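Structure first, then comments.
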Amino acid sequence: MDTTRILDGKALAKTVQSRLRSQIEAALPQRNRPPGLAVIRVGDDPASAVYVRNKERACERVGIASFGQHFPATATAAEISAKIQELNDDERVDGILLQLPLPAHLDAVALLLQLDPDKDADGLHPINLGRLTRGEAGLRSCTPAGVMEVLKAYNIDPSGKNAVVVGRSILVGKPMALMLLEANATVTVAHSRTQNLADVVAAADIIVAAVGRPEMITADMVKPGAVVIDVGINRVGDGAGGYKLVGDVAFEEVFEKAAWITPVPGGIGPMTVAMLLKNTVEAYLR
Ligand SMILES: NC(=O)C1=CN([C@@H]2O[C@H](COP(=O)(O)OP(=O)(O)OC[C@H]3O[C@@H](n4cnc5c(N)ncnc54)[C@H](OP(=O)(O)O)[C@@H]3O)[C@@H](O)[C@H]2O)C=CC1
Ligand SMILES: Nc1nc(=O)c2c([nH]1)NC[C@@H]1CN(c3ccc(C(=O)N[C@@H](CCC(=O)O)C(=O)O)cc3)C=[N+]21
């Protein structure tokens, strides 16, 4: 396969991480402590498990201390709140991440509101989402920030392009749409009520798939020469009793039509981790 059209998020994430490592090493003598990142995880979402594993490895590599707690799916809002308060007050912690999705009995919006906005490494506090909406500087959602970083690294300028974001979550779809808009794309956001999804996607110069449905974006939906960004992380059986990760895009067939495409794994996942560390280091250096 000709790999020159693959957007290599894994390689770019390594470059970002080595830059962060140097920044941390330069700041350590004055600060007397490394940056700290805390993750609060509730229950056992499979995509979250992959994320936590890779994040911890990456933190170790660049020199960020890991904190946090894994709660059972039955944890109460009061228990999570208490943990958030504790981490807000902990001077060793620069970044806090509340893993989504939460079990159905917990209100993500109410809990995200309790994060110290200056420690909101995931950019999901209403203050930081508001700053993004207004085009102001601030901590920005990691996955869409990772997508923008990939586009920039490969000199893909969204200005004037038709961008279609499939998915409208607070975690990915909405901030993604805002960042593409900020980069002067003409943005369409599709979701589960969108009619004629295939036609909507077919008009896109840039497609961002953030749905959580294995290989739902097929070649017939893709305009020849489109840039295809696959955010989906889906765990599916590998036919041999184990599992493998696949994205929301049918990679093999879409590869043939796309100008550029991100793989899963090795695409936006590693970039999300890199942006999380970058936000943490920014909060630490401030
Ligand atoms: N690579 C990475 O770093 C990350 C990957 N992910 C992965 O990305 C995927 C999406 O995550 P997230 O945004 O949190 O997921 P959510 O489940 O919160 O949102 C999914 C979105 O997809 C829409 N949708 C569902 N079914 C369809 C359909 N048939 N056609 C069109 N749209 C549909 C939903 O529409 P509606 O709003 O109408 O329900 C919703 O807006 C998951 O696989 C997740 O694991 C997530 C974060 C980071
Ligand atoms: N508040 C919050 N913020 C998130 O950003 C968030 C979340 N909750 N909940 C779960 C999803 C999922 N997610 C992933 C990030 C990286 C990989 C990742 O590193 N993927 C590697 C996997 C490599 C492998 O281990 O096989 C890759 O795609 O190459 C996966 C999944 C972030 N999420």
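Residues that are away from ligand 2 (no atom under 12 Å from the Cβ) and surrounded by 24 or more Cβ atoms within 10 Å (Cβ to Cβ) were ranked within the stretch 164-175; the one that is farthest from Ala121 (Cα to Cα) is Val164. Residue count for the stretch 240-286, restricted to those that are under 15 Å from Pro214 (Cα atoms) and more than 13 Å from ligand 2 (Cβ to nearest atom): 4.
In this entry, Leu28 is excluded by the filter for residues that are under 22 Å from Gly123 (Cβ atoms) and not hydroxyl-bearing (Ser, Thr, Tyr).
The rows are residues; the columns are (1) under 19 Å from the mean Cα position of the chain (by Cα); (2) within 15 Å of ligand 2 (Cβ to nearest atom); (3) buried (at least 20 other Cβ atoms within 10 Å of the Cβ).
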residue: Leu28; (1), (2), (3): no, no, no
residue: Pro34; (1), (2), (3): no, no, no
residue: Val39; (1), (2), (3): yes, yes, yes
residue: Asp44; (1), (2), (3): yes, yes, no
residue: Ala49; (1), (2), (3): yes, yes, no
residue: Arg61; (1), (2), (3): no, yes, no
residue: Ala73; (1), (2), (3): no, yes, no
residue: Glu79; (1), (2), (3): no, no, no
residue: Ala82; (1), (2), (3): no, no, no
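Of Ile229, Ile207, all but one fail to be farther than 24 Å from Asn54 by Cβ, in the same structural domain as Met148 (by TED's automatic domain parsing), in contact (Cβ under 8 Å) with a residue 40 or more places away in the chain and buried (at least 24 other Cβ atoms within 10 Å of the Cβ); the exception is Ile207. Which residue is farthest from Gly9 (Cα to Cα), if the candidates are limited to the stretch 232-261 and must be without any contact (Cβ under 8 Å) to a residue 60 or more places away in the chain and of a type in the set (A, V, I, L, M)? The residue in question is Ala240. May I ask you to verify whether Val222 is within 24 Å of Arg168 (Cβ to Cβ) and touching an Asp or Glu at 6+ places or on another chain (Cβ under 8 Å)? Here the answer is no, as Val222 does not meet what is asked. Hey, does the stretch 215-226 have a residue that's in contact with a Lys or Arg (Cβ under 9 Å, 6 or more places away or on another chain), at positive phi and at pLDDT 95 or above? Yes, that holds for at least one residue. None of Val42, Val62, Val52 is within 16 Å of ligand 1 (Cβ to nearest atom) and at pLDDT 95 or above except Val42.
The values are calculated or read from the model by the stated rules, or taken from the named source; none is laboratory data. All values reported here derive from a predicted model rather than from experimental measurement. Cβ: placed from backbone, ideal geometry, glycine included. Neighbour counts: every protein chain shown.
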